[in-house]
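The structure under discussion appears below in the form of C-alpha coordinates.
The values are calculated or read from the model by the stated rules, or taken from the named source; none is laboratory data. Quantities reported herein were computed from a predicted structural model and do not represent experimental measurements. Every residue, glycine as well, gets a Cβ built from its backbone with ideal geometry; the counts of neighbours run over all protein chains shown.
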Amino acid sequence: MTQDGSTSEGAVAADTDAVRANLAQTSALPPEETERLTGDIVAALKTVFDPEIPADIYELGLIYKVDIGDDRSVTVEMTLTTPNCPAAEELPTMVENAIASIPGIGKVDVNIVWDPMWTPDRMSDEARLVLNMW
(Lines give C-alpha, C1' and ligand atoms only; values in the text may rest on other atoms or scores of the structure.)
Protein backbone atom coordinates (compact mmCIF):
# COMPACT_ATOMS: atom_id res chain seq x y z
CA MET A 1 0.00 0.00 0.00
CA THR A 2 1.32 3.39 -0.88
CA GLN A 3 0.91 6.38 1.40
CA ASP A 4 -1.97 7.68 -0.69
CA GLY A 5 -3.85 4.42 -0.18
CA SER A 6 -3.39 3.10 -3.70
CA THR A 7 -2.10 -0.39 -4.25
CA SER A 8 0.13 -2.13 -6.74
CA GLU A 9 1.48 -5.63 -7.20
CA GLY A 10 3.17 -6.72 -4.01
CA ALA A 11 1.43 -3.96 -2.07
CA VAL A 12 0.02 -6.26 0.58
CA ALA A 13 3.45 -7.71 1.33
CA ALA A 14 4.84 -4.18 1.41
CA ASP A 15 2.00 -3.16 3.73
CA THR A 16 2.86 -5.98 6.13
CA ASP A 17 6.50 -4.94 6.02
CA ALA A 18 5.46 -1.32 6.60
CA VAL A 19 3.55 -2.26 9.76
CA ARG A 20 6.60 -4.15 11.03
CA ALA A 21 8.95 -1.31 10.07
CA ASN A 22 6.69 1.24 11.74
CA LEU A 23 6.68 -0.82 14.91
CA ALA A 24 10.45 -1.10 14.89
CA GLN A 25 11.10 2.58 14.17
CA THR A 26 8.76 4.13 16.72
CA SER A 27 10.08 2.45 19.87
CA ALA A 28 13.02 3.36 22.07
CA LEU A 29 12.89 -0.13 23.59
CA PRO A 30 15.88 -2.42 23.02
CA PRO A 31 15.80 -3.81 19.45
CA GLU A 32 15.33 -7.41 20.59
CA GLU A 33 12.36 -6.43 22.76
CA THR A 34 10.86 -4.36 19.97
CA GLU A 35 11.21 -7.34 17.62
CA ARG A 36 9.58 -9.67 20.16
CA LEU A 37 6.68 -7.29 20.74
CA THR A 38 6.28 -6.70 17.00
CA GLY A 39 6.03 -10.42 16.31
CA ASP A 40 3.68 -10.93 19.23
CA ILE A 41 1.43 -8.06 18.13
CA VAL A 42 1.21 -9.34 14.55
CA ALA A 43 0.46 -12.85 15.88
CA ALA A 44 -2.24 -11.43 18.17
CA LEU A 45 -3.81 -9.47 15.32
CA LYS A 46 -3.95 -12.66 13.26
CA THR A 47 -6.18 -14.23 15.94
CA VAL A 48 -8.90 -11.62 15.41
CA PHE A 49 -11.46 -12.53 12.77
CA ASP A 50 -14.31 -10.50 11.42
CA PRO A 51 -17.33 -12.55 12.57
CA GLU A 52 -18.78 -12.47 9.05
CA ILE A 53 -15.58 -13.14 7.08
CA PRO A 54 -13.44 -16.27 7.58
CA ALA A 55 -10.14 -14.36 7.38
CA ASP A 56 -8.20 -12.53 10.08
CA ILE A 57 -8.19 -8.75 10.15
CA TYR A 58 -4.44 -8.53 9.56
CA GLU A 59 -4.60 -10.51 6.31
CA LEU A 60 -7.75 -8.62 5.30
CA GLY A 61 -5.65 -5.43 5.42
CA LEU A 62 -7.74 -3.73 8.10
CA ILE A 63 -4.71 -2.73 10.19
CA TYR A 64 -3.21 0.53 8.94
CA LYS A 65 -0.77 1.51 11.67
CA VAL A 66 0.60 0.19 14.98
CA ASP A 67 2.76 2.27 17.30
CA ILE A 68 4.57 0.97 20.38
CA GLY A 69 5.34 3.69 22.89
CA ASP A 70 8.41 3.84 25.09
CA ASP A 71 6.12 2.89 27.98
CA ARG A 72 4.97 -0.21 26.03
CA SER A 73 1.60 1.34 25.29
CA VAL A 74 0.22 0.41 21.87
CA THR A 75 -1.87 2.54 19.54
CA VAL A 76 -3.57 0.89 16.57
CA GLU A 77 -5.20 2.58 13.59
CA MET A 78 -7.52 0.23 11.78
CA THR A 79 -10.47 0.37 9.46
CA LEU A 80 -13.47 -1.81 8.73
CA THR A 81 -14.60 -3.29 5.44
CA THR A 82 -17.53 -0.85 5.41
CA PRO A 83 -18.84 1.94 7.65
CA ASN A 84 -21.98 -0.15 8.13
CA CYS A 85 -20.03 -3.21 9.32
CA PRO A 86 -22.16 -5.12 11.85
CA ALA A 87 -19.00 -5.88 13.85
CA ALA A 88 -18.02 -2.20 14.15
CA GLU A 89 -18.47 -2.15 17.91
CA GLU A 90 -16.90 -5.51 18.73
CA LEU A 91 -13.84 -5.63 16.42
CA PRO A 92 -11.92 -2.77 18.10
CA THR A 93 -12.52 -4.40 21.50
CA MET A 94 -11.36 -7.74 20.12
CA VAL A 95 -8.17 -6.09 18.80
CA GLU A 96 -7.58 -4.31 22.12
CA ASN A 97 -8.05 -7.53 24.10
CA ALA A 98 -5.81 -9.57 21.79
CA ILE A 99 -2.93 -7.09 22.07
CA ALA A 100 -3.46 -6.44 25.78
CA SER A 101 -3.04 -10.18 26.46
CA ILE A 102 0.61 -10.03 25.33
CA PRO A 103 3.07 -10.09 28.25
CA GLY A 104 4.81 -6.73 28.66
CA ILE A 105 2.21 -4.64 26.82
CA GLY A 106 0.87 -1.51 28.50
CA LYS A 107 -2.26 0.43 27.64
CA VAL A 108 -3.83 -0.34 24.25
CA ASP A 109 -5.80 2.20 22.22
CA VAL A 110 -7.60 1.20 19.02
CA ASN A 111 -8.81 3.92 16.67
CA ILE A 112 -11.08 3.38 13.68
CA VAL A 113 -10.09 5.45 10.64
CA TRP A 114 -11.81 5.77 7.27
CA ASP A 115 -9.05 7.34 5.22
CA PRO A 116 -8.08 5.62 3.09
CA MET A 117 -11.21 3.53 2.68
CA TRP A 118 -10.70 -0.23 2.71
CA THR A 119 -10.93 -2.07 -0.61
CA PRO A 120 -10.42 -5.76 -1.42
CA ASP A 121 -7.07 -4.76 -2.98
CA ARG A 122 -5.72 -4.48 0.58
CA MET A 123 -6.14 -8.21 1.22
CA SER A 124 -3.13 -10.50 1.28
CA ASP A 125 -2.89 -13.54 -0.99
CA GLU A 126 -3.66 -15.66 2.08
CA ALA A 127 -6.97 -13.84 2.62
CA ARG A 128 -7.80 -14.06 -1.09
CA LEU A 129 -7.21 -17.80 -0.98
CA VAL A 130 -9.43 -18.28 2.08
CA LEU A 131 -12.17 -16.18 0.51
CA ASN A 132 -11.67 -17.59 -3.02
CA MET A 133 -11.28 -14.07 -4.41
CA TRP A 134 -8.80 -14.36 -7.27
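Taking the criterion of being crowded, with 19+ Cβ neighbours inside 10 Å and farther than 14 Å from Ala98 by Cβ, the residues of the stretch 36-56 that qualify are Thr38, Ala55. The set of residues from the stretch 57-74 being under 24 Å from Cys85 (Cα atoms), small (Gly, Ala, Ser) and surrounded by fewer than 19 Cβ atoms within 10 Å (Cβ to Cβ) is empty.
In the stretch 95-123, the residues that are small (Gly, Ala, Ser) form Cβ pairs under 6 Å with partners that are at pLDDT 95 or above and crowded, with 17+ Cβ neighbours inside 10 Å, at six or more places apart or across chains, as follows: Ala98/Ala44; Ala98/Val48; Ala100/Val108. Of all residues in the stretch 84-134, exactly one satisfies the criterion of being hydroxyl-bearing (Ser, Thr, Tyr), surrounded by fewer than 17 Cβ atoms within 10 Å (Cβ to Cβ) and under 15 Å from Ala55 (Cα atoms), namely Thr119.
Pairing each residue of the stretch 50-66 that is of a type outside the set (A, V, I, L, M) with any residue that is assigned to a helix (DSSP H, G or I) and surrounded by fewer than 19 Cβ atoms within 10 Å (Cβ to Cβ), provided the two are 6+ apart or on different chains, yields C-beta distances under 6 Å for Pro54/Val130; Glu59/Glu126.
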